[in-house]
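> Below is a structure I'd like to ask you about.
The values are calculated or read from the model by the stated rules, or taken from the named source; none is laboratory data. This structure is a prediction, so every number in the text was calculated from the model and none was measured. Because the Cβ atoms are built from the backbone with ideal geometry, glycine has one as well, and the counts that use them run over all protein chains shown.
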Amino acid sequence: MYEQYSSQEFEEKYTYSGNLGAFWTPEKTAFRLWAPTAEAVSIRLYRSGDPGADDLLAQLRMQPDVCGTWTAERFGNLNGIYYTYVVTVDGQTREVCDPYARTTGVNGCRGMILDLASVNPPQWDTDADPHAGKSITDAVIYELHVRDLSSDPSAHIANKGKFLGLTETGTKTRGGHPTGLDHIKALGITHVHLLPMYDFGFTDESRSHPQYNWGYDPLNYNVPEGSYATDPFHGAVRVAEVKQMVKALHDNGLSVVMDVVYNHVYDAGAFCINQIVPGYFSRISSDGKYSNGSFCGNDTASERSMVRKYIVDSVCYWADEYHMDGFRFDIASLIDTVTINEIMAAVHQKHPNVIFYGEGWDMKTELTKPGVQLAVQTNSAMVPGFGFFSDTIRDLLRGTTFESTAPGFVAGAVVSKEALEACFMGMPSWAAQPDQCVNYASCHDNTTLFDRIALTAPDAPVESRIRMNNLAAAFYMLSQGIPFLQAGEEMLRTKPGKHGGFDDNSYRSPDSVNSLKWATLDKPEYQDVLSYYKGLIAFRKAHGALRLSTREDVQRCVHPVYCENEHCVAFRIDEPEGEIFAVFNADAQPVSVSLPDGHWNVNIRDGRAGTETMETVSGTVSVSPISAMVLTRRKAIEVVAGLIWDEGKFLICQRPESKARGLLWEFPGGKVEAGETLPQALQRECMEELAVELDVRDRFMQVEHKYPDIFIRLTLFHCVISEGVPQALEHNALRWIHPSETKNFTFCPADADILKEIDRIYGGSKPL
């Protein structure tokens, strides 16, 4: 019977493009339900949202309308009234929640009619994404479970396990370290990724302390989860509190990503759409069994027109009504590429800055139509603008997920350098563009990063494990693509198992396992790790060359550097005004690395990271065991100057008072312009500044110097005047001096080494 749903005839006859659900105004509420196979449909209106309450107010008969829809109207103000649909199909009558319900009562059984604007927080109309206009590669994403943030007592957050917990500021550990929202903000995060927060199954919202669940059990897609609300019985409260949460995050400079699970439902047989149109929402084989590529009991038939419409409508609703700034799709690979593209196009019509990414694992499913392409990693080119989690970089860094004790690069395993380099460049084999790579070392699934390191390096001391953790963070945080971290990774999050070991699937484990243990921040070693993560994020934000979007840009700017050591990889990265040199050493011994010529500023080394210079080095550096070393330098502006001799003396010029380094003395010359040789530039500058023609001879010396406002490479040439008399056209004064007289003048700092060399060579002799 289910084959008919995918037939062209059925879709042409019953595909409806208009709005569905309950539409409130003060004067009346209009209802429209898609139920093409129903024999009769009615609406029941209730006083409360409690499914056990005997408080029926009225029952309205719905009338069949276009494209398999049913309609009804009820005059009067129904704001706050609850409702269900009663649908008869094949002689069986079922009472179900509206698939398009905007909110519900407790446990999602009865929809609620609500004036949505009435629960908007102040200034909601002007609320906006704080990172609008930025590229997805500018994002630093923090994966967070609503309850994990605040449930531990050490958080000192009043609204424990609630949406409102994410609105509280000023919360601290006993030792005074920020927790909750303040912690996330101080870390430098741009996007908070919230694990599913729509209404999900398994958790009993009526309990004072509901069971823990990650939320990958969809029940009502367009309804906020009641267990995260302060009052799950009143449908308006959960709506209001989600909006308050989003507004607070936006006000604190944080964008919000919603984790959505359209690939399966909690209970396929009981799911509202499958109750209304039996089996339509799910992929069902010819023998009547649900496809189970999700390993959650069922797969969504996204390729069917009204399933696709439902998913598109749902995502658009969350973007419109709740101002969501991004969507993460659980097992996106079970959704077809057409649906993914339609979602992005529909949302971007009104919200062009919303970001999209998801899981692209190749899962097996039974499609209802031939020729359908799924949004797997290898089809990334078919869904431009959609990012995929890079299991490639994860497994290279920490070890394959399918062998819990197998080490990765950071624990000393020998891995493919070519694969590791490709990941750093945002170009693993499956990626069409680097802005489709979500780089990470841990997420809610499997063990935390620190737990995995403990499994793969059980004999390593804690200090070494911390170094491994930090090395993994440095690699994925500085790679091309989108950095993503599990909440708590920055403070060595661990999830202890019931009987020893670690919990690698804590989807319904208690708060004692899942909660963030804020008290650890009162220990110095945890603060050190936190500071390192802050520094990595700050460094990434400070360097646009780490956030490129296209393969062409990456190939032009990022260059792997050969390292003989099999446990070491390095990269040189070109910036518009400088260079980055990054070395990742997973060896248990130091590694010596030769730097490109010139002076380099050390920004990341030995568990310290940031934008400030620790020291300046050149030549060969020693990279500590199990660590990253990242150095920078600004590209020097080419400057040329003349050592203009006459009768044993040379010419110096005093800079105008109005210019940088005003009234200091220097050698005549200036910046080299495009297309000029150094001698040509010097001849031009001296004609402009002194009105003389030069005979430029041998190069005397070259130096580099970093001023606060400019980094220069100064080349000095021996010269004599061939025509003209020097005039101070652009300087305050001119002087001819003997080499022994340099100490009588205050020169620009860049000339210090030059003056020493002049004094050494010419202090007592007559040159030329």
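> Which residues, taken from the range 260-314, are in a helix (DSSP H, G or I) and either charged (D, E, K, R) or touching a strand residue (DSSP E or B) at 6+ places or on another chain (Cβ under 7 Å) (or both)?
Scanning the range 260-314 gives Cys272, Asn274, Gln275, Ile276, Met306, Val307, Arg308, Lys309, Asp313, Ser314.
> Could you pull out every one of the strands (runs of 3 or more DSSP E) wholly within the range 573-646 that has 2 or more residues that are closer than 20 Å to Asp528 by Cα and either touching a Leu at 6+ places or on another chain (Cβ under 6 Å) or touching a residue at least 12 places away in the same chain (Cβ under 8 Å) (or both)?
578-585, 600-605, 627-634
> Pick out the one residue from Thr405, Thr378 that is in a loop (DSSP other than H, G, I, E, B) and of a type in the set (Ser, Thr, Tyr).
Going through Thr405, Thr378 in turn, just one is in a loop (DSSP other than H, G, I, E, B) and of a type in the set (Ser, Thr, Tyr): Thr405.
> Next up: Working carefully through the options Leu530, Leu536, Leu492, Leu548, find the one that is touching a helix residue (DSSP H, G or I) at 6+ places or on another chain (Cβ under 8 Å), on the phi > 0 side of the Ramachandran plot and crowded, with 18+ Cβ neighbours inside 10 Å.
From the options Leu530, Leu536, Leu492, Leu548, the qualifying one is Leu492.
> Of the residues Ala186, Ala240, which is touching a residue at least 12 places away in the same chain (Cβ under 8 Å) and either surrounded by fewer than 19 Cβ atoms within 10 Å (Cβ to Cβ) or part of a loop (DSSP other than H, G, I, E, B) (or both)?
Ala186
> Let me ask something else about it. Taking Gly91, is it among the small types (Gly, Ala, Ser), surrounded by 18 or more Cβ atoms within 10 Å (Cβ to Cβ) and either in contact (Cβ under 8 Å) with a residue 12 or more places away in the chain or touching a strand residue (DSSP E or B) at 6+ places or on another chain (Cβ under 6 Å) (or both)?
Judged against the criteria, Gly91 is not a match.
> Exactly one condition in (1) more than 21 Å from Met477 (Cα to Cα); (2) not in a loop (DSSP other than H, G, I, E, B) is false for Asp504; which is it?
(2)
> Of the residues Leu690, Leu678, Leu664, Leu694, which single one is more than 16 Å from Gly642 (Cα to Cα) and modelled with pLDDT of 95 or more?
After applying the criteria, what remains is Leu664.
> Right, another one. Check off (1) touching a helix residue (DSSP H, G or I) at 6+ places or on another chain (Cβ under 8 Å); (2) surrounded by 18 or more Cβ atoms within 10 Å (Cβ to Cβ) for Arg655 and give me the number that stays unchecked.
It fails just one condition, (1).
> I've got another one for you. Find the residue count for the range 149-182, including only residues that are touching a residue at least 12 places away in the same chain (Cβ under 8 Å) and part of a helix (DSSP H, G or I).
12
> If I filter the range 100-119 down to residues being more than 31 Å from the chain's Cα centre (by Cα) and assigned to a helix (DSSP H, G or I), which single residue comes out as surrounded by the fewest Cβ atoms within 10 Å (Cβ to Cβ)?
By that ranking, first place goes to Ser118.
> Also: Got a number for residues in the range 12-45 being under 26 Å from Tyr317 (Cβ atoms) and either among the hydrophobic types (A, V, I, L, M, F, W, C) or surrounded by 15 or more Cβ atoms within 10 Å (Cβ to Cβ) (or both)?
Looking only at that region, the number is 23.
> Are any of the residues in the range 193-200 farther than 21 Å from Val438 by Cβ, of a type in the set (Ser, Thr, Tyr) and within 23 Å of the chain's Cα centre (by Cα)?
yes
> Could you list, in sequence order, the residues of the range 355-375 that are part of a loop (DSSP other than H, G, I, E, B), within 16 Å of Arg328 (Cα to Cα), free of Cβ contacts under 8 Å to residues at least 40 places away in the same chain and in contact with a strand residue (DSSP E or B) (Cβ under 8 Å, 6 or more places away or on another chain)?
Glu359
> Could you grab the pairs with beta carbons closer than 8 Å, sequence gap of 6+ or different chains, first residue in the range 547-558 and more than 14 Å from Gly387 (Cβ to Cβ) and at pLDDT 95 or above, second one surrounded by fewer than 18 Cβ atoms within 10 Å (Cβ to Cβ) and charged (D, E, K, R)?
Taking only residues 6 or more apart or on different chains, the pairs are Arg556/Asp574; Cys557/Asp574; Cys557/Glu575; Val558/Arg572; Val558/Asp574.
Residues are listed down the side, and each one gets a yes or a no for (1) in contact with a Ser or Thr (Cβ under 8 Å, 6 or more places away or on another chain); (2) among the hydrophobic types (A, V, I, L, M, F, W, C); (3) modelled with pLDDT under 95; (4) surrounded by fewer than 19 Cβ atoms within 10 Å (Cβ to Cβ):
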{"site": "Asp50", "(1), (2), (3), (4)": "no, no, no, yes"}
{"site": "Arg61", "(1), (2), (3), (4)": "yes, no, no, yes"}
{"site": "Trp70", "(1), (2), (3), (4)": "no, yes, no, no"}
{"site": "Asp129", "(1), (2), (3), (4)": "yes, no, no, no"}
{"site": "Ser135", "(1), (2), (3), (4)": "yes, no, no, yes"}
{"site": "Ala139", "(1), (2), (3), (4)": "yes, yes, no, no"}
